[in-house]
Amino acid sequence: MADINNTELGYELDWNSYVEHDSTFEPFPAGDYDFEVIAFERGRHDGSDKLPPCNKATMSIKIFHPDGRTAIIKHNLFLHSITEGMLCSFFVSIGLRKHKEKFNLAGKFEAAVGRKGRCKVYIDTWTGRDKEEMKNNKIKYFYDPEELQKQPKPEQAQQTGWKL
C-alpha cells in the first residue's frame, strides 16, 4: 500500500495553503538511470485496444541523475499474461526474482518498495487537450543486474569504444 505521507511524492494542500513554487519540470534526457521503488498503488486498467481490463500496480519509481537531481516516474505494471515479460523483468531487476523462476506475486509489490535497480528511460511526447506539445519521462525496460555486471566499467568503455 502507498505511504500517503511520503513527502517525495509531494503532499496534500488544504484550502488555506500558500503556493509559491512555479513549475520547472524538464524531463531527464533519455538514457540509463539507477532507480529506487518508493511506493505503489493497486488499481484497475479499464481496457484498451491493446490490453483487456486487468489489475495494475502503479509503481512510484525515483530515478537518479548523475548530477544529483531526482525525478519520480509513475510506471504501470499490468497483471495480465500479455505483459508477463515486463512483470518478470521488473522483479528480476530489483532482485526479487531469478530468471526462469515460477514466481508468486503475493506480497511482492509491497516487498518492492525500497528496492533498487537500473532502467532505460525515454521521453514520451504527446499533444495535450490544449493542442500544446507535452513531454514526460517513461521507463522503456528494466535491466537485469547480472547483465549489467558483464558490461565494461566506464574507464573500460572509453578504451573499447563501448557506449554506455
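The set of residues in region 23-71 being among the hydroxyl-bearing types (Ser, Thr, Tyr) and either buried (at least 18 other Cβ atoms within 10 Å of the Cβ) or in a loop (DSSP other than H, G, I, E, B) (or both) consists of SER23, THR24, TYR33, SER48, SER60. ALA111 is checked against (1) under 15 Å from ILE38 (Cβ atoms); (2) of a type in the set (A, V, I, L, M); (3) not in a helix (DSSP H, G or I) and fails just one. What number does that condition carry? Status for ALA111: all satisfied but (3). The residues of region 126-142 that are hydroxyl-bearing (Ser, Thr, Tyr) and loosely packed, with under 14 Cβ neighbours inside 10 Å amount to a single one, THR127. With respect to ASP124, is the statement that it is not in a loop (DSSP other than H, G, I, E, B) and not hydroxyl-bearing (Ser, Thr, Tyr) true? The answer is yes for ASP124. Working only within region 72-82, note down all residues that are within 21 Å of TYR122 (Cβ to Cβ) and either of a type in the set (D, E, K, R) or exposed (fewer than 12 other Cβ atoms within 10 Å of the Cβ) (or both). Across region 72-82, the qualifying residues are LYS74, ILE82. The number of residues in region 135-161 that are in contact with a helix residue (DSSP H, G or I) (Cβ under 7 Å, 6 or more places away or on another chain) and either among the small types (Gly, Ala, Ser) or modelled with pLDDT under 80 (or both) comes to 1.
Of the residues that sit in region 72-108 and are in a strand (DSSP E or B) and of a type in the set (A, V, I, L, M), which one is farthest from GLY10 (Cα to Cα)? Checking each candidate, the answer is LEU79.
The values are calculated or read from the model by the stated rules, or taken from the named source; none is laboratory data. From a predicted model like this one, the values you see are computed outputs, not experimental measurements. Cβ atoms come from the backbone with ideal geometry, glycine included; neighbour counts cover every protein chain shown.
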